1. Assuming Arg17 fulfils every condition listed in (1) surrounded by fewer than 13 Cβ atoms within 10 Å (Cβ to Cβ); (2) of a type outside the set (Phe, Trp, Tyr); (3) touching a His at 6+ places or on another chain (Cβ under 9 Å) apart from one, which condition is it?
2. Which residues, taken from the range 40-78, are out of contact with any helix residue (DSSP H, G or I) (no Cβ under 8 Å at 6 or more places or on another chain), in a strand (DSSP E or B) and crowded, with 18+ Cβ neighbours inside 10 Å?
3. For the range 23-36, enumerate the residues that are in contact (Cβ under 8 Å) with a residue 12 or more places away in the chain, farther than 15 Å from Arg80 by Cα and either in a strand (DSSP E or B) or not hydrophobic (A, V, I, L, M, F, W, C) (or both).
4. Return the pair list, or none, for Cβ contacts closer than 6 Å from residues in the range 73-84 that are over 18 Å from Thr4 (Cα atoms) to residues that are of a type in the set (D, E, K, R), at least 6 apart or on different chains.
5. Return the pairs, sorted by first residue and then second, in which the second residue is buried (at least 16 other Cβ atoms within 10 Å of the Cβ) and not in a helix (DSSP H, G or I), the first residue lies in the range 54-67 and is without any contact (Cβ under 8 Å) to a residue 12 or more places away in the chain and among the basic types (Lys, Arg), the beta carbons are less than 7 Å apart, and the residues are 6+ apart or on different chains.
6. Tell me yes or no: at least one residue of the range 1-12 is surrounded by 18 or more Cβ atoms within 10 Å (Cβ to Cβ), aliphatic (A, V, I, L, M) and modelled with pLDDT of 95 or more.
Amino acid sequence: MEPTLTAGDRLLVRWGRAPRPGHIVVIEWLGRPGILLVKRVIRREGADWWVEGDGESHGNDSRSFGAISTGEILGTVLFRYQRGKRPRT
């Protein structure tokens, strides 16, 4: 998710909140149970969601595994903060 989020950032997440395009979400990728990913919601695809990372690399996002179900979205990111810095939305 760089440059929006960087290693060491802490996130305040509202668990169970329904996403909208543009939201940053925490997902549990069903292809790898127990692995949490942070992605941006791009658009709705029928009943599913297309999510992508903000970086240029085409890593683990909908470009590689397709749209995800609403059940894979655990919550939406409300704020990010770094130690010693003020929260940023």
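The values are calculated or read from the model by the stated rules, or taken from the named source; none is laboratory data. Treat the numbers as computed from the prediction; the structure is a model and nothing was measured. Counting neighbours? That spans all protein chains shown, and the Cβs are built from the backbone with ideal geometry, glycine included.
1. The number of the failed condition is (1).
2. Arg40, Val41, Ile73, Gly75, Thr76, Val77
3. We begin by selecting, within the range 23-36, every residue in contact (Cβ under 8 Å) with a residue 12 or more places away in the chain; these are 23-31, 36.
This time we only want the ones that are farther than 15 Å from Arg80 by Cα, so: 27-31, 36.
Within the range 23-36, Ile27, Glu28, Gly31, Leu36 qualify.
4. Between residues of the range 73-84 that are over 18 Å from Thr4 (Cα atoms) and residues that are of a type in the set (D, E, K, R), the close pairs are Leu74/Glu28.
5. Pairs found: Arg63/Glu52.
6. no
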